[in-house]
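For reference, the structure discussed in these notes is given below.
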Amino acid sequence: MQSKEYWQSILEMSLELRHLRERAEHYADRISSISSPNLSGTPPGGHNEHSRVEDAASAHLDALTAYDVKVAEYREELEGARRIIQQVKPARYRRLLELRYLEAASWREITRALGYKNKNSVFTAHHWALVHAGKHLTFSG
């Protein structure tokens, strides 16, 4: 595996975890935003129908479970990437790599978070951050 492929696989894992976390948050928001129950005395639909709260709670639990499963599956790889990133100096390169690969931040988010003027300056810093990280990256062959 080459350095580029390694970091791409770390990014894909982090993107998947971010998506699953956002999905769980979406269902948590749905649970809290559902209006009060039907108090009219009229039963909802049929006898097998679940309430919207139950459906949202079930989906939330499913999303949390999927997230936990993926965290466990990716733990070793992500911790390895975190150890490599922690060795990178200077700190601004370290933070750039954390944002991009461990937090799956977009280039726009990184530009704003780190105060870069534009994407080109982020890309240049990213290149040098990967050069620094590459000093600590080894592959068994």
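Every number here is computed from the coordinates shown, using simple stated rules; none is lab data. Only a predicted model underlies this, so the values are computations on that prediction, with no experimental measurement involved. Here Cβ is always computed from backbone atoms with ideal geometry, including for glycine, and neighbour counts include all displayed protein chains.
Here is a check on your reading of the model: is K117 touching a residue at least 12 places away in the same chain (Cβ under 8 Å) and of a type in the set (K, R)? Give the steps one after another, and end with the answer.
Numbers: touching a residue at least 12 places away in the same chain (Cβ under 8 Å): no; of a type in the set (K, R): yes.
No, not satisfied.
Looking at (1) within 19 Å of the chain's Cα centre (by Cα); (2) aliphatic (A, V, I, L, M); (3) on the phi < 0 side of the Ramachandran plot, which one does A57 not meet, given that it meets all the others?
(1)
Residues of the range 75-100 being among the acidic types (D, E) and touching a residue at least 24 places away in the same chain (Cβ under 8 Å), which ones?
Narrowing the range 75-100 to residues among the acidic types (D, E): 76-77, 79, 98.
Residue satisfying the conditions is E77 alone.
What pairs can you find where one residue is in the range 7-32 and more than 22 Å from G134 (Cβ to Cβ), the other is in a helix (DSSP H, G or I) and among the hydroxyl-bearing types (S, T, Y), and their Cβ atoms are less than 6 Å apart, with a gap of 6+ or different chains?
L20/Y67; R21/Y67; A24/Y67
In the list A105, A129, A133, which residue meets the criterion of being surrounded by 16 or more Cβ atoms within 10 Å (Cβ to Cβ), free of Cβ contacts under 8 Å to residues at least 40 places away in the same chain and either of a type in the set (G, A, S) or touching a His at 6+ places or on another chain (Cβ under 8 Å) (or both)?
Just a single option satisfies the conditions, and that option is A105.
Of the residues in the range 83-102, how many are charged (D, E, K, R) and either crowded, with 16+ Cβ neighbours inside 10 Å or touching a Pro at 6+ places or on another chain (Cβ under 7 Å) (or both)? Walk me through how you get there before you give the answer.
The initial filter retains those residues of the range 83-102 that are charged (D, E, K, R), namely 83, 89, 92, 94-95, 98, 100.
When the remaining residues are screened for being either crowded, with 16+ Cβ neighbours inside 10 Å or touching a Pro at 6+ places or on another chain (Cβ under 7 Å) (or both), the result is 94-95, 98, 100.
Total satisfying the criteria: 4.
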